[in-house]
Amino acid sequence: MKQYLLAVHMVEGEPVPSEADMQQAYQQVDAFNAGLKAAGAWVFAGGLHPPTTATVVRATGGQVVTTDGPFAETKEQLGGFWIIKAPDLDTALDWAAKGSAACGGPVEVRPFQEPGEE
């Protein structure tokens, strides 16, 4: 089965959800995760700290330079992700729709490269 990244995006500057809304989202995501596991689609997942905690590492010409992140200067940043197994893109998109409903944010779907693919 092919593996897919389901990337959850967050938008800087959006109002912070209330504690009650956050707790509801956590419960919904827990239920979504349980569904992935029950279906055998779960590989792993994780939520990320805010982009302001990122460090960018550049190694060029034998030198390593680190700078405060995030790397991309944009308001939309990666907030968390799931790695899933699915037989095809349509199935991965169905899981992404459920994940988006659970976490309340947009979810980008990208397939992993297979060995030998460019």
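The values are calculated or read from the model by the stated rules, or taken from the named source; none is laboratory data. Bear in mind the structure is a predicted one, so any value in this text is a computation, not a measurement. With ideal geometry, Cβ positions are generated from the backbone for all residues, glycine too; neighbour counts draw on all protein chains shown.
Tabulated values for the structure
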| item | result |
| --- | --- |
| Residue ID - surrounded by the fewest Cβ atoms within 10 Å (Cβ to Cβ), chosen from residues in the range 69-118 that are among the basic types (K, R) and over 16 Å from V43 (Cα atoms) | K75 |
| Those residues of the range 17-34 which are surrounded by 10 or more Cβ atoms within 10 Å (Cβ to Cβ) and over 18 Å from L5 (Cβ atoms), in sequence order | P17, D21, M22, Q23, Q24, A25, Y26, Q27, Q28, D30, A31, A34 |
| Sole exception among (1) of a type in the set (D, E, K, R); (2) outside any strand (DSSP E or B); (3) under 24 Å from Y4 (Cβ atoms) for E73, by number | (3) |
| Selection count where residues are surrounded by 14 or more Cβ atoms within 10 Å (Cβ to Cβ) and under 14 Å from the mean Cα position of the chain (by Cα), scope the range 44-65 | 3 |
| Flag for K98 being in a helix (DSSP H, G or I) and of a type in the set (K, R) | yes |
| Residue list for the range 5-55, filter: of a type in the set (A, V, I, L, M, F, W, C), assigned to a strand (DSSP E or B) and out of contact with any Cys (no Cβ under 9 Å at 6 or more places or on another chain) | L5, L6, A7, M10, V11, W42, V43, F44, A45 |
| Filtered residues of the range 73-90 (kept if farther than 15 Å from G13 by Cβ and under 17 Å from the mean Cα position of the chain (by Cα)) | L78, G80, F81, W82, I83, I84, K85, A86, L89 |
| Which listed residue is among the aromatic types (F, W, Y), modelled with pLDDT under 95 and closer than 24 Å to Q113 by Cα, from F71, F44 | F71 |
| Residues within the range 96-107 that are of a type outside the set (A, V, I, L, M), under 13 Å from the mean Cα position of the chain (by Cα) and modelled with pLDDT of 95 or more, tallied | 2 |
